[in-house]
1. With N set to the residue count of region 262-307, report its C-alpha Rg divided by 2.2 N^0.38 Å to two decimal places.
2. Calculate the spin-label point distance for Arg618 paired with Glu269, positioning each point 7 Å from the Cα along the beta-carbon direction, and give it in nanometres.
3. When all protein chains stay in place, what accessible area (Å², nearest 10, 1.4 Å probe) is found for Leu49?
4. What's the extension gain from Ile588 to Glu48 if we count 0.36 nm per residue and subtract their Cα-Cα distance?
5. Check which residues have an amide H placed less than 5 Å from Leu36's amide H, if you skip close sequence neighbours.
6. State, in angstrom, two size descriptors of region 274-354 derived from its alpha carbons: Rg to one decimal place and Dmax to the nearest whole number.
7. With a point put 7 Å past each Cα toward its Cβ, work out how far Arg260 is from Ala378 in nm, to one decimal.
8. From the backbone phi of region 290-302, what are the Karplus-calculated ³J(HN,Hα) couplings (6.51 cos²θ - 1.76 cosθ + 1.60, θ = phi - 60°) in whole Hz, Gly and Pro given as x?
Amino acid sequence: MPSRKFADGEVVRGRWPGSSLYYEVEILSHDSGSQLYTVKYKDGTELELKENDIKPLTSFRQRKSGSTSSSPSRRRGSRSRSRSRSRSRSPGRPLRGSRRSASASHQANIKEARKEVLAVKLTPLILKPFGNSISRYNGEPERVERNDMPPRHTQEQFHLSQESSYVSTPHSLRPRREEIKLKELDSKEEKLETKGPASLRTFEVTPSPSPSPSPSPTKDLEFGGVPGVFLIMLGLPVFVFLLLLMCRQRDPGLLNFPPRLPALYDLWETRVFGVYLLWFFIQALFYLLPLGKVVEGMPLIDGRRLKYRLNGFHAFILTSAVVGTALFWGVELSYVYSHFLQFALAATVFAVVLSGYLYTRSSRAPRSELSPASSGNAVYDFFIGRELNPRIGTFDLKYFCELRPGLIGWVVINLVMLLAEMKVQGRTAPSLAMILVNSFQLLYVVDALWNEEALLTTMDIIHDGFGFMLAFGDLVWVPFVYSIQAFYLVNHPNEVSWPVASLIIALKLCGYGIFRCANSQKNAFRKNPSDPKLAHLKIIPTSTGKSLLVSGWWGFVRHPNYLGDLIMALAWSLPCGFNHILPYFYVIYFTLLLVHREARDERHCGRKYGVAWEQYCRQVPYRILPYVY
């Protein structure tokens, strides 16, 4: 697989041969044999450059016009000043009229130079863009602003240093001391504001009492913004309880909606809340055990890579041993079924308290540790999460909650429902439908825990903060809503024949095969793109240094893992029969969830990869389902 960092059409900075100056260029083509890029400069010059002579736009930092770099033009200005001084000491200079005092001459020079500075700052530098250039600003893609004014013959020069890259403004002919004074005057009356990517950069002069950093770009709030997330936070707990109450009814039809609501004091039991806390802290203890390997996560904004211990599968084995021991000692697990609503309320209260703690502690977190999704609005950030990776020492709260209490709890609840079905219906063995539901969902959970490392590359970990959305989803929604099929079968039995069961099993295995193969291919490529086993895959290089897969499972549809997920979700619901839509709520909800998440992925990748993502979308036009946009 050829090693290529930049894609055709990308706008980057190319070094002019024989110098340290970098100019904006467009990538025209790449020769895989010589590993040379053909680039085009703004004046039309086409050259071949090595990859080391090309830098992405994000490598450069804008520098104000009052630059103090030792450019050749400034050295000429210094020599000009020296000659001016030598002439001022000449005996042949007239004593009156044209002669002025040194201070008056100095002030006049400052005024003239200041006029030049203002003239330069008021002159827009309109540079013709090449392709869809993406530039980063404060960790987020910059907003492109177009300007239809005619271009001027102005050229940007870029000097690279070991620490970072700067933009040097051209043609500064003033002495160094005068420039320093002018910078002090400018800081009181104006500031230089940069907008848009480097390929479409314009300069504005706006009043400002003192220099201040440029504002962060406006964020597009998801989930309907502040009103949307507020309604979601109020509505989700109510919806969960209505769903559970309907599943518990003998006839969960629309004629019996809404179900009879129990009294509040019947929903809260301190003992149940204590049992839930015990479950949570037992899982936390398993997480802290020195079992499993330690790996590094994805790079953060400041370049750090957090370490994670992969022992989720070990925790599952230990939990299974504890539950098996409890059954051997005669502990009645049906207590969970008879107090299912109370456990759901206990988990909801815990999730709300945890969300409040997370938001409070985020006020002390440095900016580099905040989530890219945070907005600055208290309500929205409480929902989406403000801190990206909240940790107590080495205990990562978000990573722990993603897989441990809720996901393993889901399996335990399914087992409880299997035992409850036998007790309620007087069976000596569980029904085939209940066995299928338990087996299918057990396989899903074990797969997630076995491939725990794949979680580190998901949007939940690398983009979303840890707030109410993930806390409620991990601790309440997953264990109490994902187990709805098993909960439904306790009071609504459905007999499944073996031929029908065989078809359902085949559907489940088909979905699981697509899901696992797609995720494995993606994770293997992210770990080692040059793996010989992946040499047959076609890629599209991007300006970020990463590549996009356009063959294999990821050339079939853009999100083949979502396709496998949906097929498996349908297989979970089919054993419940077709007497009611309640068991299929998970399929309906999961379809809406994946469509929304797919839209988030599309926006995120479009901002991150720019023209390379557009090229990928042209080659792989189908999103989740083949032949369906």
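The values are calculated or read from the model by the stated rules, or taken from the named source; none is laboratory data. Values in this document were obtained by computation on a predicted structure and should not be read as measured data. In this analysis, Cβ positions are derived from the backbone assuming ideal geometry, glycine residues included, and neighbour counts consider all displayed protein chains. The area values use the complete protein model at the heavy-atom level, side chains included, leaving out ligands, DNA and RNA. Shrake-Rupley method; radii C 1.70, N 1.55, O 1.52, S 1.80 Å.
1. In units of the 2.2 N^0.38 Å rule of thumb, it is 1.99.
2. 6.4 nm
3. We get 10 Å² for Leu49.
4. Stretched fully, the Ile588-Glu48 segment lengthens by 189.0 nm.
5. Long-range HN contacts for Leu36: Asp31.
6. 16.8, 53
7. With each label point 7 Å from Cα toward Cβ, the separation is 4.2 nm.
8. Each residue's phi maps through the Karplus curve to give x, 10, x, 7, 10, 10, 9, x, 6, x, 8, 4, 8 Hz.
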